[in-house]
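Here's the structure we're looking at; comments come further down.
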Amino acid sequence: MTIQFNDETFRDDYTFRNSDWAINRFPFPFHEDSYMYAVNMEQHRGGPEGSVYEKRFDVDEHYVAEMRDRAMVLADDPLRCQSLPHMTLAGWDLLELIMVSKSEDYPDLFELHREGDQWRWVNKPLGIDDSFTFMDETTLPYGPMEYITRQTQGDFCVLDQREDNLWMDAGIVTTQADWSLDFDIGMNFFEWHAPVPLAHEKGIFVRALKFLLNIQQGAPARRLNWTMTVNPLLDTSPENYHKWGVQKTTLTPENIGQKQHLRVELQTFFRLPRSNALVFPIRCYLCSFQDLMTKPKWGRRLHRVIRDLPEELATYKGFIDNRPMMLDYLSQFDDGLPTSPGVFPDVETEPPLQK
Amino acid sequence: MSKFEFPRSIKSRPVYGTLEARPGKHHLMIADAEGAEAIMAIATPELMANTHIIYIPRGTDYADKLRALNPAQFYEGPSYAASVTRIQRVLQDAHMGLQIYLTGTEGLMGQAQNEAMQAGYPFSAIQTEHRGSVARRMQCVHCKGITEDVEIDPFVCSHCGLNLFVRDHYSRRLAAYQGVCIDAEDPGNVPPSKGIYE
């Protein structure tokens, strides 16, 4: 299908909306009625047609507006995009991966023409038509990582691999779940995950690292993560927390369905060919509670997951104070019926709400 | 003075050891305040004959005691900031076989370790021993300003004035812990400050 790009905002007046198409394909992250940390990694080799898993770098109706929001964040705070000096080659690897993937997966939106190292990149939604010399930074308006990720939804962490560890040595981070690239840059895998509760003790990070160190070229992997955000605010950064934190207190029983959003990260992992770095795109999808509740299965399940979530996780994810109000709202959509396994809404087979 | 036992914490928080004299052609010891005691604990005439001590007293009176150890080179600096170009110069000159010893406050060790890492030393090869004040060097995640010697939690950012709580999350690159606004969700509701480890 041809994507109709929304003219919308992720700040101030928050005109962000999901169409029915976007709600249907929302990556609901709970495959059962409860949640606990897990490595939950799978191959990133396509998925159901039209789903967010189908393409290597999903493009959706929010693309143009998200890129506009990213440009605003970077103008306010250039430290959201940083690359340590040894990471430039990985930046070129990433530029190539994204340009090749997008031009193959969305030929009507993106074109890549290559003649030796003379490349021409056409990005129709953003109105870009640039010719440059591959591996020559002086022929691009930004470094290669910044150039291509200003045109690609999701945050990007580029991880150097050495000493049997991964090092957060480059990235562009403007749609993050409250962590600071500027603070974490240069840290290893265990250090940047240090503030996460429970998962270290469960051995999650040791297992995840082992898996990631062995990711091979052409065999990317993916997993989902999630949190909660009041208002469809992409830039929930620690840098600006003193400005947006107060929005969490604006929830009321009347507006919660519209204001409270489930925030899901589709995290993917690709090995890069020249640098042997690992790129870790973190793509953020937002969906309001009221839109989620249009799927009876998601309504039942979200209530049970949030109700039974350990207190540490609700605190870490930043919604412990609002959890009672969330449960008051969500319980209206839980009639106690069983739910089908898996993340998809199964609207054909799941019964409508019985109350 | 007895050593402070830091409580167990998250994985980005540095842990410090106890200095020991290691075989090496040259020894660079960087210390502030009570860090002098850790140097005196391992000093022998043989070790000192090949040792360069860079010391920032910070109001203590250990400098003469260190000088009396007869190190090959001794420098007393009025502050870390005043000493840092000297530290960089010494590291630039360093040869294989140099042993690095850092001791004193976390801020001193963190910043000197950062200089050594930038000069190419893996941080795992650098010895550290905490002595003296348990104050922290804090970065405000909001304005990026560094506040030195923070002893209380919460504290007021010395740059932007926000009320910050003291996290254990630590960046070696910045040689600082992270401070995050404590009253963002309820402006003005700031609990009374207490000592970081109280």
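The values are calculated or read from the model by the stated rules, or taken from the named source; none is laboratory data. None of these values were measured; they are calculated from a predicted model. Neighbour counts are summed over all protein chains in view; Cβ atoms, including those assigned to glycine, are modelled from backbone coordinates with ideal geometry. Quick note on the areas: whole protein, heavy atoms, side chains included, nothing else; ligands and nucleic acids left out. Shrake-Rupley method; radii C 1.70, N 1.55, O 1.52, S 1.80 Å.
In table form, for the structure just shown:
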item	result
Search result, residues across the stretch A:40-66 that are open to solvent by 30 Å² or more (accessible area, probe 1.4 Å), part of a loop (DSSP other than H, G, I, E, B) and in contact (Cβ under 8 Å) with a residue 60 or more places away in the chain	A:ASN40, A:MET41, A:ARG45, A:PRO48, A:ARG56
Residue in the stretch A:287-299 that is within 25 Å of the chain's Cα centre (by Cα), assigned to a helix (DSSP H, G or I), within 24 Å of A:HIS242 (Cα to Cα) and not small (Gly, Ala, Ser) present	no
In the stretch A:226-250, the residues that are more than 9 Å from chain B (Cβ to nearest Cβ), out of contact with any strand residue (DSSP E or B) (no Cβ under 6 Å at 6 or more places or on another chain) and not in a strand (DSSP E or B)	A:ASN231, A:LEU233, A:LEU234, A:ASP235, A:THR250
Among (1) touching a strand residue (DSSP E or B) at 6+ places or on another chain (Cβ under 9 Å); (2) closer than 13 Å to B:GLU129 by Cα; (3) among the hydrophobic types (A, V, I, L, M, F, W, C), the one test that B:MET40 misses	(1)
Filter result (farther than 30 Å from A:ASP77 by Cβ, among the polar types (S, T, N, Q) and more than 14 Å from chain A (Cβ to nearest Cβ)) within the stretch B:104-149	B:THR105, B:GLN127, B:THR128, B:SER133
Residues being in a loop (DSSP other than H, G, I, E, B) and more than 11 Å from chain A (Cβ to nearest Cβ) - total across the stretch B:163-187	1
Residue within the stretch B:73-95 that is under 17 Å from B:GLU148 (Cα atoms), out of contact with any Phe, Trp or Tyr (no Cβ under 9 Å at 6 or more places or on another chain) and in a loop (DSSP other than H, G, I, E, B) present	yes
All positions within the stretch A:268-279 that are crowded, with 20+ Cβ neighbours inside 10 Å and either on the phi > 0 side of the Ramachandran plot or out of contact with any Pro (no Cβ under 7 Å at 6 or more places or on another chain) (or both)	A:ARG271, A:LEU272, A:SER275, A:ALA277, A:LEU278, A:VAL279
Residue in the stretch A:192-208 that is surrounded by fewer than 21 Cβ atoms within 10 Å (Cβ to Cβ), basic (Lys, Arg) and without any contact (Cβ under 8 Å) to a residue 60 or more places away in the chain present	no
Residue identified as at pLDDT below 95 and either open to solvent by less than 50 Å² (accessible area, probe 1.4 Å) or among the β-branched types (Val, Ile, Thr) (or both) among B:ALA184, B:ALA116, B:ALA125, B:ALA135	B:ALA125
Residue pairs meeting the criteria (Cβ under 6 Å; at least 6 apart or on separate chains; first open to solvent by 10 Å² or more (accessible area, probe 1.4 Å), in the stretch A:287-303; second of a type in the set (Val, Ile, Thr))	A:ASP291/A:ILE23
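Residues checked against (1) in contact with a helix residue (DSSP H, G or I) (Cβ under 7 Å, 6 or more places away or on another chain); (2) in contact (Cβ under 8 Å) with a residue 60 or more places away in the chain:
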{"residue": "B:GLU106", "(1), (2)": "no, yes"}
{"residue": "B:ALA119", "(1), (2)": "yes, no"}
{"residue": "B:PRO154", "(1), (2)": "no, no"}
{"residue": "B:LEU162", "(1), (2)": "yes, no"}
